[in-house]
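Have a look at the structure below before the remarks.
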Amino acid sequence: MKLFNITFAYPWFFLLLLVIPGMIVWYLYRGEKRQSGFVFSNFKLINYKTKNLKERLVIVPMILRSLVILCLTVALARPQSFNSGENVASEGIDIVLVLDLSGSMLAEDFKPNRIEAAKKITQNFIDGRISDRIGLVVFSREAFTQCPVTIDYTVLKSLLREVKSGMIEDGTAIGNAIANGVNRLKDSKAKSKVMILLTDGVNNAGEVDPMTAAEIAKTFGIRVYTIGIGTMGMAPYPVPTPFGTRYQMMPVEIDEAVLRNISATTNGKYFRATGNQKLEGIYSDIDKLEKTKIEVTSYRSKKELFYPWAAAAGLLLLLELILTQTYLRKLP
């Protein structure tokens, strides 16, 4: 039997409550039987008098006895409450997303363009994680941390939406970007440390060589997945003119050899994205490769609730005995 999230182990004890109506009927019947009758020729002979306090409280023992039976019945029915839930144990993965914001990321071989497609698909990747800490590094000629590793995905996605081409002076500093990501992850205590680098160009800026940065990442046990984004051959690139935006076909130049070496050095993997669907598939593959191992343990704890009811029954019974043996004691 369950009531208000309370379970009764022995609900059949509630049949004892039928004793209470029987007690009330017997009390009323006995009271009627004890009344005596007198014949008066005139009602004026009777001196009406209001009942004193003792006479008013004569029913109290009966009420207390009924409450004793009620409390005792609930206690015997053994009320219990249960708390259930799950303990989730996660092995923990820290991930840094490294996103290229160079001018070439405005090319529209992806819809609406490379950078907006990358932001949307990256956000979907974040939504697919459960308990991993994720950070965001953006780069062009320089690299900086847009969001430190965090479990607050709402803040992370908000900062991701704010990034755009032109935030940083144009260029492609892949080595600096990896070095910045290493700084975010090197002190991590997570069992797995991952960097996902997305770029559409060739390293042409920064103080750190990409392969040197890769060796540093390897030293700290950081696995780097690299993604080259851009179609094969030529891609339409928007060029502002006095007459509005014009499109110019530009060659797609991705240093795939360096990106492959970076991934190979760090025990990661290189991917080439040539369209929106291809990029979605790549993030899906990385998501499967770096899925957090979660162990769920169910638990159910029981709490006994009959003690207060038993205590209340004892106190009420004691109060009845005290009243019937003192103030409400009947004379023989």
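None of the figures in this text is laboratory data; all of them are computed from the coordinates on show. These numbers come from a predicted model, not from an experiment. So basically every Cβ, Gly included, is an ideal-geometry build from the backbone, and we count neighbours across all protein chains shown.
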If you take every residue apart from Pro238 with its C-beta less than 11 Å away from the C-beta of Pro238, what net charge results, scoring Lys and Arg +1 and Asp and Glu -1?
0
For Leu197, distant residues with modelled amide H under 5 Å away
Val98, Tyr225, Thr226, Ile227
In what sequence do Met167, Met211, Met105 fall when counting other Cβ within 10 Å, fewest first?
Met167, Met211, Met105
Work through the residues other than Leu16 whose Cβ is under 15 Å from its Cβ and net out their charges, Lys, Arg +1 and Asp, Glu -1.
+2
Sort Phe110, Phe82 by Cβ crowding within 10 Å, fewest neighbours at the top.
Phe82, Phe110
Over 29 Å between Cα atoms, which of Lys186/Lys288; Lys111/Lys189; Lys189/Lys302; Lys111/Lys191; Lys193/Lys278 qualify?
Lys111/Lys189; Lys189/Lys302; Lys111/Lys191
Cβ-based net charge around Glu142, under 13 Å, with every Lys or Arg adding one and every Asp or Glu removing one
-3
Give me the tail of P(r) for segment 92-292 as a percent: Cα-Cα pairs with distance above 28 Å.
19
Please work out whether segment 207-329 counts as rounded, prolate or oblate from its C-alpha gyration tensor, where a ≥ b ≥ c are the square roots of the eigenvalues and a/c under 1.5 means rounded, while otherwise a/b larger than b/c means prolate and anything else oblate?
prolate
What are the ³J(HN,Hα) values, in whole Hz, obtained from phi via the Karplus relation 6.51 cos²θ - 1.76 cosθ + 1.60 with θ = phi - 60°, for each residue of segment 303-308 in sequence order, with x given for Gly and Pro?
10, 7, 10, 7, 4, x
Once amide H atoms are placed 1.01 Å from N in the peptide plane, what residues at a sequence separation of 5 or more from Thr150, or on another chain, have their amide H within under 5 Å of its amide H?
Ile134, Gly135
For a quick check: sort Ser104, Ser192 by the number of other beta carbons within 10 angstrom, fewest at the front.
Ser192, Ser104
